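Below is one structure, written out as structure tokens; comments come after it.
The values are calculated or read from the model by the stated rules, or taken from the named source; none is laboratory data. Since this is a predicted model, take the numbers as computed values, not measurements. Note that we place each Cβ from the backbone using ideal geometry, even for glycine, and neighbour counts take in every protein chain shown. In case anyone asks, the SASA skips ligands and DNA or RNA and just uses the protein heavy atoms, side chains included. Shrake-Rupley method; radii C 1.70, N 1.55, O 1.52, S 1.80 Å.
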Amino acid sequence: MNKQTFLSIMQNRVLLMDGATGTELQRKNYLDGVIVPEELNIKFPERIKDIYATYIQAGSDIILANTFGINPIKLKKYQLLDKADMMVKSGINLIRELSSDVIVAGDISSLGEYIDPLGSLSFDEAYEAFSFQASLLSKYAVDIIVIETITEIKELKAAILATKDNFNGPIIAQMTFLQDGITVTGTNLQSFITMAESLEVDVLGLNCSIGSTELSDLIKFVCSNTNLPISFKPNAGMPMLINNKTLFPESKDEFVESSLKAYSYGVNIFGGCCGTTPAFIQALSTQLKNKKPIFRKNSNKYFLSTRTVAFDVNCTQKPIIIGERINPTNRQRLQRELYKGSLSFAIDEARAQVKSGAKLLDINMGISNVDEVILLKNAVNHIQEIVSVPLCIDSSNTNAIEETVKNCAGKPIINSVNGNIDKLKIILPIVKRYGTMLVALTTNEHGIPETAERRLEIATQIINYVDKYNIKRSNIIFDYLVLAISSSPTQSIETLKAMELSKKIFPECSLILGISNISFGMPSRQVINSTFLKMTVEAGLDFAIIDPHADWKIDNKIARDLLLNKDKEAMRNYMKVFSSKNYQQVPLVKSTNKKHLTYDKQLYNAILDGNENNNINEIVKQIITATPFHKNPFNQVSSCILKALNIVGQRFASKQFFLPQIIMSAKVAQTAFSIVKKILKNENIKPIGSIIIATVKGDIHDIGKNIVGAVLESYGFDVVDMGINVDSYAIISKAKKIKPIAIGLSALMTTTMPEMKKVIHLRNINKIPVKVIIGGAAVTKQYANDIGADAYAKDAMEAAISIKTFIK
């Protein structure tokens, strides 16, 4: 099915997806005899065919093939990779055997591992895994592809790009949010919308995680902030385990009521996720089948975004400040740090500029004799997790630009391209592919034109190519360039004139300038810089690349006369006043030098900031060296680590921090602990103790468990990770052998939660003196109490705090 046909159908009538597959398979005991649900396609096809048939009979227009987890990363764990082609083929053909009228959807979901720096996967590895799956779905001719149940924005990006590269049909992209409208990795609804729109999906939507009542509140926001078609696929509430049976509390009537509310907001596609049944879809069909969708027309908005923040360029106060200080040109200290492989100074600069008011950061890593591709990508990967402002990727190296933009967890700006045709043909495809904004310099191989009219001619040439590549003009930011007033006294007038004309000729495009070049060679440069900034804003400037620490409140009449070349005496008058020794020079930059911090404080800050580039090895060595003779150096280091982690935990609890910060702080703490243990290996360090962690038998979800393990290691525990789908007897056997402080059990599915009770029973009858702590999406404190667990933890930080109380 081509995109236009699908979009035409959605304009004329509401479409109904199917309901849950996984919980229906569990309810009917159809998972017996298979390792993963997708294996049913080839081993017991009649079972999955029965699920398809009941949803078709219930009125579904779209049936999702049972291909949810057919990606190489998951299949390799179960030695099923060689069956992937057959599983996809059968999963699709079984639908076609039942009906030629339904829309067959390929289903793609999470890989089960996070992308660097949150996890061990590279972006390219994630992309290749999704490409594998999308290419098989394309091979067997699905009509559409649905990407769903994604919680991490970079994973969504990899999935969309891979699907677009391997499939020509319509793409639906859905993410999973908590009740507050934020994913577990900190992405908010607007950041998701911005990413999905910039990558040009055909439909965006929300699925899973919460019930229809809560999800309808979130979908209202989505409907008000995009003109794309929208899908709505909630759970039947959050699952509960009652008398060892999984129950979803929401009735089909409540589900339909919330869906009708979502319909009134302008949703186009409806379906159900966990806990919904054919009865839910049939009830939905009675109310919504073939109804015409409610038309939505929202005003155009032009967002830039990060993992956690998005802002509309049009609605943000001008000028929008882009911090310029992460650029090694003429900055010796930054150069030295980068040559040493350290990003600490760059990260400190990022944080300081944001504190001084920068709404974006320009990141430039252009120094000689280094691999700029790797350096720029690494810098952006770390900085974007430290600060929550969008980034401006500044490089003349095309490979570095593409590799870095690919790894951005949001919508960035590329800085820059000019009127050179060859360069346009290289950069514009990158802009189109990744949906970025682009700084376009109105210069070419002949240099900067002297007149505003000639600069506008170059701008027109650039726009012609932008249109040719079908890039939205709203993604273009023109830079009409500024020359030094000292050598080109009329050029500031030409720049202002070009900007004013550009706003009339290209109203969709934004304007940007690097301000400080205007004052080169002049005394009291900040007087000129600040005054000129005010003049450019009056001319329509949107973005200013400046030093945010400087004083930008100055608006001086003498400087204005100079910049407007008002008369022959303008330069003389300015020099007379501002070159005088009696004139109080305005400081260009507020001092950002910090007093020397103790090594304890440096380690504390590095953990708090998640800054693993902060020369942790040297800091730990210095703490050990400085430890008084009567004190234990290991305790000195661990005390510092734990103080920092306690603050990280507090900020996580108050939602100042999200999962990315937890993971990055844990990595730094782990590094510090491993260093101190290595240095003091002959000092007979007594370990804090061992912890066994495992995902219980029947459950193959491990992201949450892995995060808990990383955080526990950061607290200094020896973590024994037994993996997923672990037999209860194996857990007890390991506990007998290593005598841990605690056993940590994880379960995502309510159907596997009884295994936790079994482990506790085996512990009790074997009289093993070990605590058991449990957690997972469906696990509750009440359930922990009911089965005799020693503790319950809703997240990794809570698990660490609880286990600390177990230490005698």
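Summary of computed values
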{"quantity": "Pairs with Cβ under 8 Å, 6+ apart, first in the stretch 527-552 and at positive phi, second open to solvent by less than 10 Å² (accessible area, probe 1.4 Å) and at pLDDT 95 or above", "calculated": "GLY540/MET499; GLY540/SER502; GLY540/LEU511"}
{"quantity": "Unmet criterion (only one of (1) within 23 Å of LYS406 (Cβ to Cβ); (2) out of contact with any helix residue (DSSP H, G or I) (no Cβ under 6 Å at 6 or more places or on another chain); (3) surrounded by 18 or more Cβ atoms within 10 Å (Cβ to Cβ)) for ASP124", "calculated": "(3)"}
{"quantity": "Only listed residue being of a type in the set (Gly, Ala, Ser), within 25 Å of MET664 (Cα to Cα) and modelled with pLDDT of 95 or more, chosen from SER109, SER138, SER131, SER120", "calculated": "SER109"}
{"quantity": "Within the stretch 319-405, strands (runs of 3 or more DSSP E) holding 2 or more residues that are among the β-branched types (Val, Ile, Thr) and surrounded by 23 or more Cβ atoms within 10 Å (Cβ to Cβ)", "calculated": "320-326"}
{"quantity": "In the stretch 54-67, residue farthest from the chain's Cα centre (by Cα) [restricted to those that are outside any helix (DSSP H, G or I) and in contact (Cβ under 8 Å) with a residue 60 or more places away in the chain]", "calculated": "GLY59"}
{"quantity": "Top-ranked residue in the stretch 252-308 [being over 30 Å from the mean Cα position of the chain (by Cα) and among the β-branched types (Val, Ile, Thr); ranked as most open to solvent (accessible area, probe 1.4 Å)]", "calculated": "THR286"}
{"quantity": "Qualifying residues in the stretch 535-550 (those that are assigned to a helix (DSSP H, G or I) and open to solvent by less than 40 Å² (accessible area, probe 1.4 Å)) - the one nearest to LEU361 (Cα to Cα)", "calculated": "THR536"}
{"quantity": "Residues within the stretch 408-445 that are open to solvent by less than 10 Å² (accessible area, probe 1.4 Å) and not in a helix (DSSP H, G or I), tallied", "calculated": "15"}
{"quantity": "Pairs, first under 15 Å from ALA544 (Cα atoms) in the stretch 472-494, second modelled with pLDDT of 90 or more and open to solvent by 50 Å² or more (accessible area, probe 1.4 Å), C-beta under 6 Å, six or more apart", "calculated": "LEU481/ILE448; VAL482/ASN517"}
{"quantity": "Condition broken by SER138, with the remaining ones in (1) farther than 13 Å from ILE108 by Cβ; (2) polar (S, T, N, Q); (3) assigned to a helix (DSSP H, G or I) satisfied", "calculated": "(1)"}
{"quantity": "Subset of the stretch 21-36 that is within 16 Å of ASN244 (Cα to Cα) and part of a loop (DSSP other than H, G, I, E, B) - its residue that is least open to solvent (accessible area, probe 1.4 Å)", "calculated": "LYS28"}
{"quantity": "Residue in the stretch 468-478 that is at pLDDT 95 or above, loosely packed, with under 15 Cβ neighbours inside 10 Å and within 20 Å of PHE543 (Cβ to Cβ) present", "calculated": "yes"}
{"quantity": "Single condition LYS553 does not satisfy, out of (1) at pLDDT 90 or above; (2) buried (at least 19 other Cβ atoms within 10 Å of the Cβ)", "calculated": "(2)"}
